[in-house]
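Some notes on the structure that comes next.
The values are calculated or read from the model by the stated rules, or taken from the named source; none is laboratory data. Please read all numbers here as calculations on a predicted model, not as lab measurements. Don't worry about glycine lacking a Cβ; one is built from the backbone with ideal geometry, like all the others, and counts go over all protein chains shown. Note: areas computed on protein heavy atoms with side chains; ligands, DNA, RNA excluded. Shrake-Rupley method; radii C 1.70, N 1.55, O 1.52, S 1.80 Å.
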Amino acid sequence: MIRVVLADDQQLVRAGLRVLLETEDGFDVVGEAADGAAAVSLVRGTRPDVVVMDVRMPGVDGLTALETIVADPALSATAVLVLTTFDLDEYVYRALRAGAAGFLLKDAEPAELVRAIALVARGDALLAPAVTRRLIAEFARRPQPLVPAARLDVLTPREREVLALVGAGQTNDEIAARLVISAATARTHVGRLLTKLDARDRAALVVIAYETGVCAPRSR
């Protein structure tokens, strides 16, 4: 059972999300919050698997709440999926840097949202296609990597390959198919990347892949 907290300042949105998830097998909505401060308090009290977090909320906004949750070692098992109508570059980059496990727009299909929550609950990263394009474009504008590539000296050649594929947004199954290895081996490689690079989750690996130049997008 995937335990979920819904954080959105619009009651109608929260109600719709609750109905959507409660009609699906395997989901349990353990609480709702209308602002970032309430979301943090609720998450600390319920320890959900996933928080579906809006960006713009009164008082403490969603990104500030996200940063607070990710920074709390006691909440390391909780993934935050940012769900918003706003796909501005500053939101995308700040959310990923802060440790968001995924970023989805509110115009997504219901089935896509259900899949996204399941994905981040099991440790995968999820970015909406439009968000991925914005992220790639942001790094394409930068002439040099933000982080020295020497940070990757601890990785084996195979682990670098896997990091590049994670940066491209591929799941463990897709990585396994691409490298002709088992899904279990792909998971092992990703786990080693998380440990060696001191990354909280796959979304953090995506950022590292771009910041070190492992993924080098072409300018549009």
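Of all the criteria given as (1) modelled with pLDDT of 85 or more; (2) crowded, with 21+ Cβ neighbours inside 10 Å, the one not satisfied by ALA77 is (2).
Whenever a residue of the range 51-78 is more than 20 Å from MET1 (Cα to Cα), its partners that are among the aromatic types (Phe, Trp, Tyr) and not in a helix (DSSP H, G or I), lying with C-beta atoms within less than 6 angstrom and at least six residues away or across chains, give the pairs VAL55/PHE86. Of everything in the range 169-212 that is among the small types (Gly, Ala, Ser) and under 17 Å from the mean Cα position of the chain (by Cα), the residue that is most open to solvent (accessible area, probe 1.4 Å) is GLY169. For the range 154-173, filtered to residues that are assigned to a helix (DSSP H, G or I) and at pLDDT below 90, the residue that is farthest from THR188 (Cα to Cα) is GLY167. Within the range 18-32, is even one residue open to solvent by 20 Å² or more (accessible area, probe 1.4 Å), among the acidic types (Asp, Glu) and at pLDDT 95 or above? Checked the range 18-32: at least one residue is open to solvent by 20 Å² or more (accessible area, probe 1.4 Å), among the acidic types (Asp, Glu) and at pLDDT 95 or above. Taken as a whole, the range 85-99 holds at least one residue that is within 19 Å of LEU194 (Cβ to Cβ), surrounded by fewer than 24 Cβ atoms within 10 Å (Cβ to Cβ) and not hydrophobic (A, V, I, L, M, F, W, C).
Is it the case that ILE2 is more than 14 Å from the chain's Cα centre (by Cα), under 27 Å from ILE208 (Cβ atoms) and touching a residue at least 60 places away in the same chain (Cβ under 8 Å)? So ILE2 passes the test.
Checking each residue in the range 43-57 for being open to solvent by 40 Å² or more (accessible area, probe 1.4 Å), over 14 Å from the mean Cα position of the chain (by Cα) and at pLDDT 90 or above picks out ARG44, GLY45, ARG47.
Entry remark, the range 1-17: residues being open to solvent by less than 30 Å² (accessible area, probe 1.4 Å) and more than 22 Å from ARG56 (Cα to Cα) number 0 in total.
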